[in-house]
Amino acid sequence: MRERKSSTIAVGTSGVLCLLAVAVLLIGGGCSKKETGPTERTISKSEPAAFQPQLNSDLIQGRKVFEEKHCSQCHSIFERERKIGPKLGSDRVYGSFLDIFSTLWNHAPAMAVYMRKEVLDRPRFSTPELNQLVSFLYMLPYLGESGNPRKGEALLQEKTCFECHSLGRKGRKDGVPLDALGVYQSQVILLQRMWNHGPEMIGQMESKGTAIPTFSGNDMTDIFAALTESATEKSRKVFLGVGNTENGRKIFTDKGCSKCHAIFGKGGKEAPDLGKAVSQANVTSLITQMWNHAGTMRKRFAKMKLTWPYFHETEMNDLIVFLYSLNYEDKSGDAAKGERIFRDNRCVDCHFKTDADKQKIVGDIKSANAILFATHLWNHIPAMEAAMVTQAVPWPEMSGQDLRDVLAFLKGQ
């Protein structure tokens, strides 16, 4: 991953958004519907709402917590600088909220050693702060990798895009130019344009006997890199951030996606359940899956006599990050397994020692969600470490599933 400053985190998906714009142009020439590009007004609307116990896709907020709690003194993310702790990347921050939190929890003893050495206090978190930090870590895989413009140009040639389009001096001279798409620093715009032109473009290609282009791997990012490199307006750039999950949830319903797709069993049955089908992949993977699905979807829409959904301004950006967010929320755990874990880790020795002790912890957790539960756990670490040292009890390492089970057990008391 290229070196980036914290202030530029929100635009880390520039490759993704640009790819979307290219895909749109690749689909066909003009569009019968008027399209609107992202504006300052719509970008401001994508700012996250007040804290809720769910994914916060605003990377700036999470990075701010990462800095203020001194995580950056030991861990690097975008920087190339070698630091004390492991570099935090997509291979280390994968899974739901509690899956990611469990990595922090299990790291607590080693963290204590380094913090004493550096004369730092262990950070405490409010519930919103912990959610912002874990959301930030959850979003890291989403940013994806930088593209290769040479591969992108080769793909435009291979996928026969140059038969209808031009890029710089390449392609059809009187074709629809792709150059202007490089202004948008996000591949998702590429998908949005491709999607909106999909029915027209696919129809034209079918009439010519040309194969509908599908993509894999880092193809979309490479195409976007080619667009960005060929952009004629180098000084003009439009940054969109990574989208807003709540806006995306509404768009999913408003565009009729829920008529065919379910999310964890709720919704239509005509197409795959996206809660199960969409994994925590990067933005390139998500937009690739969505575009490759367009041909099948077009046939189904024609059969069901449904209107093709068009996206405007930042709508596709919000939808994609919403789909990415689906696995952030933790499912319910197994209370019976949680009871065993609670006993095996000797949590009962302190917390269920008396009825008063039991009532206190149960009262604190009874109505808690996963994020509030994790906040209680983390802020309890200093007192817990002191008690465990005196009693010679080993640190209770737990997986995300272990934490879900323990939470289910405590909530059931």
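One table, with the values for the structure above:
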{"item": "Selection from Leu178, Tyr114, Tyr142 lying farthest towards where the dipole of segment 109-198 points positive, charges on Cβ", "result": "Tyr114"}
{"item": "Å² of accessible area per residue within segment 354-412, as computed with a 1.4 Å probe and no ligands counted", "result": "48 Å²"}
{"item": "Rounded if a/c under 1.5, otherwise prolate or oblate - segment 336-397, Cα gyration tensor axes", "result": "rounded"}
{"item": "Å² per residue, accessible surface of segment 109-248 at 1.4 Å", "result": "44 Å²"}
{"item": "Translational diffusion coefficient (Stokes-Einstein; Kirkwood radius from C-alpha pairs) of segment 181-307 at 37 °C, 0.692 mPa s, in µm²/s", "result": "201 µm²/s"}
{"item": "Normalised convex hull volume, segment 103-146, alpha-carbon set, Å³ per residue", "result": "105 Å³"}
{"item": "Descending principal axes extents, segment 257-413, alpha-carbon based, whole Å", "result": "68, 27, 24"}
{"item": "Carbon + sulfur, % of accessible area of segment 210-368 - ligands and nucleic acids excluded, 1.4 Å", "result": "50 percent"}
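The values are calculated or read from the model by the stated rules, or taken from the named source; none is laboratory data. In this text, all values refer to a predicted model and were calculated from it rather than measured experimentally. All Cβ positions, glycine included, derive from the backbone under ideal geometry; neighbour counts span all protein chains shown. Please note that ligands, DNA and RNA were not included when accessible areas were found on the heavy atoms of the full protein model with its side chains. Shrake-Rupley method; radii C 1.70, N 1.55, O 1.52, S 1.80 Å.
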